[in-house]
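One structure is given below, encoded as structure tokens.
The values are calculated or read from the model by the stated rules, or taken from the named source; none is laboratory data. All figures in this text were calculated on a predicted structure; none of them were measured in a lab. Note that we place each Cβ from the backbone using ideal geometry, even for glycine, and neighbour counts take in every protein chain shown.
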Amino acid sequence: MKLQSILLLVCVITLTACEDLFFDEDPTNDAITNFEILWKRMDERYSFFEYKRVDWDSVYQVYRPQVSEDLSSQEFYDLMAEMLNSLRDAHVNLRSDFDISFYNYYVDYPRNFSFSDLEKNYLGDYKITGRLINSIIDSVGYIHYRSFQQPIEEDDLDFLVERFRGLKGLIIDIRDNDGGDPANGFRLARRLTTERIHIYTTKYKNGPERDDFTEPSKAYLDPNDETKFNLPVVLLTNRVTYSAGNFFTAMLQAIPNVTVMGDITGGGGGVPLGWELPNGWFFNYSNSITYMPDGFIIEDGIPPDIKIDIADEDRLKGADTILEEALKHFNH
């Protein structure tokens, strides 16, 4: 996955779903003022200080003495970005006209996915239905969904329900899917259940004190009246599965006939909001905390039900160990 796609995701989420822009009356545009506004907004509205065990006051003591009007724009930007990256949160970033900061949450994990190997060795004569790459492999339906930014249409799902009718199971592959619009995840997940299911609970930061949050609000997956897949499901994830992909994983883990395989997701369990600084730079921050029904916080990723990596020797010969284990799940 390219870094550019991750950065685009963060910008799209912020600008389309939850931008929260307010301005003080004519604040001074100097380095110290910009720093203070960024630090204070994060101090009052960021949701994960306690969870991440970050002492934000101590962070201030480290970075504030380094701020001066002698810094170039690039030096000042790098300092602010470094401070934000101390939160280890890819929904937190700083955007200027010359750069966008980014916390890399997957670099130390195996990729566990190669579309070229998948296309060459497994997919055969696959179809692309809307934005959903799909095939039938060993009597099992397979869907690869590249990005939650790409819309899923009900007509596309109708076609796939009919195509996969009577098969042994369904594999939904969201490896390397770095997020987008969560509504697409709901649209697909509603085709997998006939009952209302509590999928997760969210509370939002709504005040300046560390414990200022709204009351927890439960989210439910409600089935629609459309035709269901009516198949057991395996969901494939890896560390690059992020944000909307993380929420999709949470909702599918709540469905009884779904098994998650692969690696822990990348996380991203807070709704991102945005703020503009006097110098025209924007920064994003997580403003909520989401829990699975058992109380597990999804911010740092959701472990799979069955942990599988692609071994180096398999990777060299183009084998997708994770996909093969999913196929065995239905064909044992």
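When 60, 109 are checked against the criterion of being within 29 Å of residue 290 (Cβ to Cβ) and surrounded by fewer than 16 Cβ atoms within 10 Å (Cβ to Cβ), a single residue qualifies: 109. Can you tell which of 106, 60, 51 is at pLDDT 95 or above, hydroxyl-bearing (Ser, Thr, Tyr) and out of contact with any strand residue (DSSP E or B) (no Cβ under 7 Å at 6 or more places or on another chain)? Residue meeting the stated conditions: 60. The set of residues in region 284-306 being outside any loop (DSSP other than H, G, I, E, B) and either without any contact (Cβ under 8 Å) to a residue 24 or more places away in the chain or crowded, with 19+ Cβ neighbours inside 10 Å (or both) consists of 284, 285, 286, 288, 289, 290. Go through the residues of region 307-322 one by one and say whether even a single one is surrounded by fewer than 19 Cβ atoms within 10 Å (Cβ to Cβ), touching a strand residue (DSSP E or B) at 6+ places or on another chain (Cβ under 6 Å) and not β-branched (Val, Ile, Thr). The answer is no, given that none of the residues of region 307-322 is surrounded by fewer than 19 Cβ atoms within 10 Å (Cβ to Cβ), touching a strand residue (DSSP E or B) at 6+ places or on another chain (Cβ under 6 Å) and not β-branched (Val, Ile, Thr). Restricted to region 199-218, and to residues there that are touching a residue at least 24 places away in the same chain (Cβ under 8 Å) and in a strand (DSSP E or B), the residue that is nearest to residue 330 (Cα to Cα) is 199.
Applying the condition of being in a loop (DSSP other than H, G, I, E, B) and among the aromatic types (Phe, Trp, Tyr) to region 112-133 and asking which residue is surrounded by the most Cβ atoms within 10 Å (Cβ to Cβ) yields 113.
Inspect region 177-190 for any residue being hydrophobic (A, V, I, L, M, F, W, C), free of Cβ contacts under 8 Å to residues at least 24 places away in the same chain and either buried (at least 19 other Cβ atoms within 10 Å of the Cβ) or not in a loop (DSSP other than H, G, I, E, B) (or both) and give the result as yes or no. Checking region 177-190: at least one residue is hydrophobic (A, V, I, L, M, F, W, C), free of Cβ contacts under 8 Å to residues at least 24 places away in the same chain and either buried (at least 19 other Cβ atoms within 10 Å of the Cβ) or not in a loop (DSSP other than H, G, I, E, B) (or both). The number of residues in region 222-277 being polar (S, T, N, Q), crowded, with 23+ Cβ neighbours inside 10 Å and in contact (Cβ under 8 Å) with a residue 60 or more places away in the chain comes to 6.
Within region 145-176, being surrounded by fewer than 20 Cβ atoms within 10 Å (Cβ to Cβ), among the basic types (Lys, Arg) and part of a loop (DSSP other than H, G, I, E, B) holds for 146, 165, 168.
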